[in-house]
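Have a look at the structure below, then the notes.
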Amino acid sequence: MAMLEVRGVSRFFGGLAALTDVSFRLEQGEILAVIGPNGAGKTTLFNVINGFYPASKGEVFFKGKRISGLKPHKVCQLGIARTFQVVKPLQRMTVLDNVVASAFLKTPKRDQAEGLALEMLKFTNLYEDRDLISKGLPLGKRKRLEIARALATQPEMILLDESFAGLNPTELNESIEIIKKIKEKGITIMIIEHHMKVIMAISDRIVVLNYGEKIAEGTPEETRNNKLVVEAYLGVAQSA
């Protein structure tokens, strides 16, 4: 049984098709990357999976259970966490309290939530920043705080939306190591990213979207050598 199964999902906004008949499976413990040009429907796909948008057509299943139509907090309670492309921490709260707030989803007691939050801050190398007000964090640390908040919900699967965007080389390497550690914990990962070097290095499989349609699916090597993918995306990225 697949960890996640997307069956024929389409999403329309008025007359615009943001997703058209997208299907794929994600197995437990995999890292699946979703790539494609800007406007390809990648974030819309995440929004459908986690319940922010209902699918116009098709269904989404998590561990064999249909989750289409559930609200985001219900999807999160079932075990799917996510980060967002534009990070928005609770700016007036400390780094620690940001993560504690997420931990309360499944941990009702303050001391337990705080213990879990501290563990996630250590995991994401933010422990030394735990008492800082999150508004003052640089982008790289805000990105890691977003991951820590998602992990504090104790997910079985995590959706990472451009968690590497805007990072310098040192921050990039640090985040790559965190992603690898997340996989080692047994958490299944689905990631949207434009850093092709990163995607090729960490992904087990890749799904490629273009104009809302899936045009390819396969290993990093298969994706790199797919003519449709090169024409639609990699060729543009390589020449940029």
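The values are calculated or read from the model by the stated rules, or taken from the named source; none is laboratory data. Treat the numbers as computed from the prediction; the structure is a model and nothing was measured. Don't worry about glycine lacking a Cβ; one is built from the backbone with ideal geometry, like all the others, and counts go over all protein chains shown.
Name the helices (runs of 4 or more DSSP H) wholly within the stretch 145-240 that hold at least 1 residues that are in contact (Cβ under 8 Å) with a residue 12 or more places away in the chain and either within 21 Å of Val75 (Cβ to Cβ) or more than 17 Å from the chain's Cα centre (by Cα) (or both)?
169-184, 220-224, 235-239
Within the bounds of the stretch 84-91, is there any residue that is within 24 Å of Leu145 (Cβ to Cβ) and over 18 Å from the mean Cα position of the chain (by Cα)?
yes
Which members of the stretch 80-114 meet the condition of being more than 21 Å from Leu137 (Cβ to Cβ) and buried (at least 19 other Cβ atoms within 10 Å of the Cβ)?
Of everything in the stretch 80-114, those that are more than 21 Å from Leu137 (Cβ to Cβ) and buried (at least 19 other Cβ atoms within 10 Å of the Cβ) turn out to be Ile80, Thr107.
Tell me, yes or no, whether the stretch 57-79 has at least one residue that is touching a residue at least 60 places away in the same chain (Cβ under 8 Å) and of a type in the set (A, V, I, L, M, F, W, C).
Within the stretch 57-79, one or more residues are touching a residue at least 60 places away in the same chain (Cβ under 8 Å) and of a type in the set (A, V, I, L, M, F, W, C).
Residue by residue through the stretch 56-110, note down the ones that are part of a helix (DSSP H, G or I) and more than 17 Å from Ile187 (Cβ to Cβ).
If the condition is that a residue be part of a helix (DSSP H, G or I) and more than 17 Å from Ile187 (Cβ to Cβ), then Pro72, His73, Lys74, Val95, Leu96, Asp97, Asn98, Val100, Ala101, Arg110 are the ones that fit.
Can you name every residue in the stretch 117-162 that is buried (at least 19 other Cβ atoms within 10 Å of the Cβ) and of a type in the set (S, T, N, Q)?
Result: Thr124, Ser134, Thr153.
Mind counting the residues in the stretch 1-29 that are within 16 Å of the chain's Cα centre (by Cα) and farther than 18 Å from Ile67 by Cβ?
Residues flagged as within 16 Å of the chain's Cα centre (by Cα) and farther than 18 Å from Ile67 by Cβ within the stretch 1-29 amount to 1.
In the stretch 30-40, what residues are modelled with pLDDT under 95 and either in contact with a helix residue (DSSP H, G or I) (Cβ under 9 Å, 6 or more places away or on another chain) or surrounded by 21 or more Cβ atoms within 10 Å (Cβ to Cβ) (or both)?
Correct list: Ile35, Gly36, Pro37, Ala40.
For the stretch 6-28, how many residues meet the condition of being part of a strand (DSSP E or B), surrounded by fewer than 18 Cβ atoms within 10 Å (Cβ to Cβ) and not small (Gly, Ala, Ser)?
The total comes to 6.
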